[in-house]
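Here the structure is laid out as structure tokens; the discussion comes afterwards.
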Amino acid sequence: MPIAKELSTDPALEAQVFWFKYRREIAILLILAIVAIFATAGYRFYRDRREATAATLFAAAKTPAAYEEVIKRYGDTAAAASAYLLLANEERKNSKYAEANATLVKILEKFPQHELASTARMAMAANLEAMGKQDEALATYQQIASANAGNFNAPMALIEQVHILQEKNRIDDARRICETIMTQYRDSYAAMEAGQLLRTFSKSAKLQAPPIVAPPKPGSSASATVPPTMKVLPTAQPAPNSPSLMPAKPSPAPSAQP
């Protein structure tokens, strides 16, 4: 019975065959990889240089026009985000609250994941409060506190809610938020203010509480607890047509005769 012989393989020969068969595709892949490496390095160099130039221009900016120049030329850089914030702050100083909020909205649209996004929302809420839109400001503060629980702006958003609720005379709601701050953010500056507000609320509650009158003991008469009243008699009126009593004049002394 014939026995099948095992075919011996030569790795070097197989590699040559593979290269000869796919040499074009392999060359294209190598070229693409080299191009991608150079493109990535070039883009990083370009971004770093652009960020540095934008930061230099932003450092020299001191006016709203200069901030707008940074935004116009380097709108996709971190310096532009900071320029947006400072521009909105300048608009707020000039009581242009609507324009300031429009500027802050642009920050959130272009840099939704920026580390100062919650700060921009806090500024928007403050502008709404300055415009007298207390309900919208309260809703914005609530959104900041719930969406950024671990952010440094969360306790500040809560304490701002307390101020608005205090103005609305919703003391119970304000007290609950203060207790939340004391529990969850006890090491923050807002916790100190929350503690002071809680003491203020407690004093106000004591002043507004009606005095408690103890009920009379059984068997005691009501007159024992009520002081007796004093009757004041009316003064007597003089009788009509009564002659008035005039004091008698003293009679003159007799003169001595010589």
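For the stretch 66-112, the set of residues classified as crowded, with 18+ Cβ neighbours inside 10 Å, of a type in the set (S, T, N, Q) and outside any helix (DSSP H, G or I) consists of Thr77 only.
The residues listed here are Glu6, Glu51, Glu14; of these, the one that is at pLDDT 85 or above and acidic (Asp, Glu) is Glu51. Within the stretch 109-132, none of the residues are more than 30 Å from Ile71 (Cα to Cα) and within 15 Å of the chain's Cα centre (by Cα). Across the stretch 8-46, the qualifying residues are those that are of a type in the set (Lys, Arg) and surrounded by 10 or more Cβ atoms within 10 Å (Cβ to Cβ), and the one among them that is nearest to Thr77 (Cα to Cα) is Arg44. Of the residues making up the stretch 162-204, those that are part of a loop (DSSP other than H, G, I, E, B) and either loosely packed, with under 12 Cβ neighbours inside 10 Å or touching an Asp or Glu at 6+ places or on another chain (Cβ under 8 Å) (or both) are Asn169, Asp187.
The residue list Ala79, Ala123 contains one member that is touching a helix residue (DSSP H, G or I) at 6+ places or on another chain (Cβ under 6 Å) and closer than 30 Å to Arg186 by Cβ, which is Ala123.
In this entry, Ile144 is excluded by the filter for residues that are crowded, with 18+ Cβ neighbours inside 10 Å and within 20 Å of Gly75 (Cα to Cα). Somewhere in the stretch 80-90, is a residue over 30 Å from Glu160 (Cα atoms) and among the hydroxyl-bearing types (Ser, Thr, Tyr)? Checked the stretch 80-90: no residue is over 30 Å from Glu160 (Cα atoms) and among the hydroxyl-bearing types (Ser, Thr, Tyr). Looking across the stretch 151-198, not a single residue is in contact with a Gly (Cβ under 8 Å, 6 or more places away or on another chain) and on the phi > 0 side of the Ramachandran plot.
In the list Tyr97, Tyr74, which residue meets the criterion of being under 21 Å from Leu128 (Cβ atoms) and among the aromatic types (Phe, Trp, Tyr)?
Tyr97
A count restricted to the stretch 145-187 and to residues that are within 25 Å of Pro112 (Cβ to Cβ), in contact (Cβ under 8 Å) with a residue 24 or more places away in the chain and among the polar types (S, T, N, Q) stands at 3.
Pairs meeting the criteria (first residue in the stretch 52-69 and of a type in the set (Ser, Thr, Tyr), second residue assigned to a helix (DSSP H, G or I), beta carbons under 7 Å, at least 6 apart or on different chains) are Tyr67/Ala83; Tyr67/Leu86; Tyr67/Leu87. Taken as a whole, the structure places Ile159 among residues that are within 9 Å of the chain's Cα centre (by Cα) and surrounded by 16 or more Cβ atoms within 10 Å (Cβ to Cβ).
The values are calculated or read from the model by the stated rules, or taken from the named source; none is laboratory data. Note that the structure is a prediction, hence the values are computed from the model and not measured. Quick reminder, even Gly has a Cβ in these numbers, built from the backbone with ideal geometry, and neighbours come from all protein chains shown.
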